[in-house]
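Each reported figure results from applying straightforward, stated rules to the coordinates on display, with no laboratory input. Please read these numbers as outputs of a predicted model, since none were measured by experiment. Cβ placement follows ideal geometry from the backbone for every residue including glycine, while neighbour counts extend to all protein chains displayed.
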Amino acid sequence: MPLNTPIARCQVKIQEACGLGMRTAAQFICTAGQFRSDVWVIHDGRRYNGKSMRELLTMIAEHGEQLELEAQGPDAEAALAALARTVHPRHS
């Protein structure tokens, strides 16, 4: 993305009892793939590519933990709204 492209951010709490497991990660990646923006997930000070199953599965995020979602691109706000709902279904 060009350097002057705005970055959108939001925080969500993991609601799944098993944390961010394979099913939720797959839904997240599928949703992220529908958008042109770059997507990142920040957890415990590390940044993970939100469109990479391998990277998301290396992130150990448990029930109740906070994630920061970050998107950069032309549809960043829409991407974050949809992605937040995959992690926290009641997120608005």
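Please report the orientation-averaged projected area of the range 35-90, defined via the convex hull of its C-alpha atoms, in nm².
Its average projected convex-hull area is 3.8 nm².
Pop a pseudo-label 7 angstrom from the Cα along the beta-carbon direction at both GLN15 and ASP75 and give the gap in nm to one decimal.
2.3
If we count other beta carbons within 10 Å of each Cβ, what is the order of MET22, MET59, fewest first?
With the sparsest Cβ surroundings first, the list reads MET22, MET59.
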